[in-house]
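Below: the structure, in structure tokens.
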Amino acid sequence: MKKARIALAVGVLCISVFPILVKLNLTPGVISAFYRMAVASVCILPYVLLTKQFKITAKKPFFYAILCGVIFGLDVAVWNIAIQESTATQATLLTNLSPVWVGIGAFLFLKDKPTKNFWIGTIVAILGMMMLVGFKTFINLDFNLAFGFAVLSGMLYAVYMLLSKNILNQMNVLTFMTTSVVASTVFLGVLSYSINEPFAGFSNAGWFVLVVQGLVCQLLAWLLISYATKHMRATRVSVSLLGQAILASFLAWLFLDEAISLQMVIGGLVLLFGIRITFYQKEVFAKKRILKRKFS
């Protein structure tokens, strides 16, 4: 469990770079998602084949891993578009509502049901997220195409988390990652070609960003997060990923000169506290109930 939590923390740090790179707007959204997956595929596929770590033990998990890749690829593509067409703040807020969809999905379809602490922690974490980006921003969200894409991204990610949790119980992490990332690459390549997005002609900075997205934000990050998902509750992993908003805000301040207010700092602390509640083993209010019975 300790290794899984460390892997999750480093994975969150890696994906926190992603919104900053997308905000640079050096490449179109869908083709950016394609190259993110393609770079990861070029690196991981030869490795697992040469080391013979690509093992398909059953057809059903393999086909579900392909489906996961298609869903995740579409998730990244629509999130990219949402960020570029609106703001990274709005898109990140709406996408990171995915723990709610994960919790509902786990409640409906998984044997490993969300605990009361999950629901309490999720509410606290989302409150922190709202404070982080500003209540005014949340209230004044524009219900346009970008808004719809951001919400869709959160839902797609929730489906991905629920499916991957089930598949990782039947397949090793490297086989799952290889299958899903190659499936994402093929799907996004076909999609990019069908909508006439350019596959070349980018600046040196644009190519550099695409490589970083593939190696850091996809390959390294999701190897670590997949490992954590295999050994932890899917609900806990999904809520922990909300922490990327804090790191993304800090990186935006560091590299893009975006201001960080006291409200954002407080919101970040509240968000982290919400995440901590989901990791707490005992019921948050159990002790109070015991004391109440003792003195009644």
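Laboratory data are not the source of any read-out in this text; all were calculated from the coordinates shown. Keep in mind that what you see is a predicted model, and the values were worked out from it rather than measured. All Cβ positions, glycine included, derive from the backbone under ideal geometry; neighbour counts span all protein chains shown.
Think of each Lys and Arg Cβ as +1 and each Asp and Glu Cβ as -1; about the Cα centre, that makes the dipole of the range 2-295 roughly 2040 debye.
Among TRP101, TRP222, the order by Cβ neighbours within 10 angstrom, fewest to most, reads TRP101, TRP222.
One decimal place: the segment LEU50-GLU85 gains 8.4 nm when fully extended, by the rule 0.36 nm per residue minus the C-alpha distance.
Divide by every residue of the chain the summed helix terms, -39500 (n - 2.57) for each DSSP H run of at least 4, and state the resulting mean residue ellipticity at 222 nm, rounded to the nearest 500 deg cm²/dmol.
-24500 deg cm²/dmol
To the nearest 20 debye, what is the magnitude of the charge dipole of the range 20-131 about its Cα centre, counting +1 on the Cβ of each Lys and Arg and -1 on the Cβ of each Asp and Glu?
Result for the range 20-131 is approximately 500 debye, rounded to the nearest 20.
Derived scalar couplings between HN and Hα for the range 268-274 equal x, 5, 5, 4, 4, 5, x Hz in order, rounded to whole Hz, by the Karplus curve 6.51 cos²θ - 1.76 cosθ + 1.60 (θ = phi - 60°), x for Gly and Pro. Length gained on full extension, CYS43 to LYS116: 22.2 nm, using 0.36 nm per residue less the C-alpha separation.
So if R0 is 35 Å, what FRET efficiency would ASN25 and LEU269 give, r being the distance between their Cβ atoms, rounded to the nearest 0.05? About 0.70, to the nearest 0.05. Ordered by the number of other Cβ atoms lying within 10 Å of each residue's own Cβ, fewest first, MET161, MET130, MET37 fall into the sequence MET130, MET161, MET37. Pairs from the list LYS3/LYS55; LYS2/LYS113; LYS3/LYS165; LYS2/LYS111; LYS60/LYS113; LYS3/LYS113 with a Cα-Cα gap above 19 Å: LYS3/LYS55; LYS2/LYS113; LYS2/LYS111; LYS60/LYS113; LYS3/LYS113. Derived scalar couplings between HN and Hα for the range 2-8 equal 5, 4, 5, 5, 5, 4, 5 Hz in order, rounded to whole Hz, by the Karplus curve 6.51 cos²θ - 1.76 cosθ + 1.60 (θ = phi - 60°), x for Gly and Pro.
Rg over Rh of the range 156-285, using C-alpha atoms and the Kirkwood radius, what does it come to?
1.03
How much length is gained on full extension from VAL212 to ILE123, taking 0.36 nm per residue of separation minus their Cα-Cα distance?
28.7 nm
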